[in-house]
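The values are calculated or read from the model by the stated rules, or taken from the named source; none is laboratory data. If you're wondering where the values come from, they're calculated on a predicted model, not measured in any experiment. In this analysis, Cβ positions are derived from the backbone assuming ideal geometry, glycine residues included, and neighbour counts consider all displayed protein chains. Heavy atoms of the whole protein, side chains included, go into the accessibility calculation; ligands, DNA and RNA do not. Shrake-Rupley method; radii C 1.70, N 1.55, O 1.52, S 1.80 Å.
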Amino acid sequence: TFQILFYALRPGFVRSQRLTKWHLLNLTASLTFDYFLVRTAGARPLLYLLLSSFFAGSLHPCAGHFIAEHYLWDRMHQETFSYYGPLNFLAYNVGYHNEHHDFPSIPWTRLPALRALAPEFYDVLPAHPSWPMVILNFIRDEEVGVFARAKRRPKGAAGKEEGKCD
């Protein structure tokens with residue numbers, strides 16, 4: 001469940017950005033909302049919001065995408081897997097993960113159209129049929145677990161290691 005915290009903080013470490021007035025405005029608006037929420041309703045609603053975000057990464061059906069995206073499955077050394085099922089509607093098409101990796105600047109709303117434009121590239125790739133089943137397999141399958149996460153080697157690293165992806 002701590003994966004959500006790392007998922008949120010990782011972009012700042014991978015590709016740091018220069019703070020702008022928009023970042024500061026967002027931070028100010030968020031903290032102002034939190035302040036007024038606590039002042040008017042107490043700390044429990046703020047705690048509820050924080051814990052909801054934390055527990056959303058546990059055994060919730062949509063949380064399967066955290067595992068489905070970057071873990072090695074069935075001894076395939078594919079860096080990322082997509083999911084094209086109905087839960088994408090609730091998760092802003094986050095399941096179109098191969099498409100996202102190929103074209104990271106395309107908005108999530110346009111990823112289904114991208115897949116439709118290039119079926120010869122995406123229809124042949126293995127994909128997960130169910131996020132809830134991903135969670136069950138993660139728990140049951142001895143070959144999939146916390147150490148089966150696909151990791152990129154640093155640029156310029158020579159040779160390939162078993163179980164690692166480029």
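Computed quantities for the displayed model
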| quantity | calculated |
| --- | --- |
| The chain, accessible surface, carbon-and-sulfur percent (1.4 angstrom probe) | 64 percent |
| Chain lengthening between A43 and V14 when straightened (0.36 nm per residue, less Cα-Cα) | 7.1 nm |
| Residue-wise HN-Hα coupling along segment 45-54, computed from phi with Karplus coefficients 6.51, -1.76, 1.60 (Hz; x: Gly, Pro) | x, 5, 4, 4, 5, 5, 5, 4, 5, 5 |
| Candidates F36, F81, F147, ranked by Gaussian network fluctuation over the chain, Cα under 10 Å, top entry | F36 |
| Among T80, T109, T28: highest mean-square fluctuation, GNM of the chain, C-alpha pairs under 10 Å | T28 |
| Within a Gaussian network of the chain (alpha carbon springs, distance under 10 Å), most fluctuating of V134, V94, V14 | V14 |
| Length-normalised contact order for the chain - Cα pairs under 8 Å, 6+ apart - percent | 22 percent |
| Cα centre as origin, Lys/Arg/Asp/Glu Cβ charges: the chain dipole, Debye | 820 debye |
| Relative contact order (%) - criterion: Cα under 8 Å, at least six apart; region: segment 24-85 | 15 percent |
| List R149, R15, ordered by accessible area with a 1.4 Å probe, largest first | R15, R149 |
| Heavy-atom surface of the chain, accessible at 1.4 Å and reported per residue (Å²) | 74 Å² |
| Virtual spin-label span in nm between A148 and F36, 7 Å along Cα→Cβ | 4.7 nm |
| Angle between the chain longest axis and helix 21-41 axis [Cα atoms, degrees, rounded to 10] | 60 degrees |
| List S53, S82, S105, ordered by accessible area with a 1.4 Å probe, largest first | S105, S53, S82 |
| Fully extended contour minus Cα-Cα distance, from T28 to H101, at 0.36 nm per residue | 23.1 nm |
| Y7 versus A56: modelled label distance in nm, points set 7 Å from Cα along the beta carbon direction | 0.8 nm |
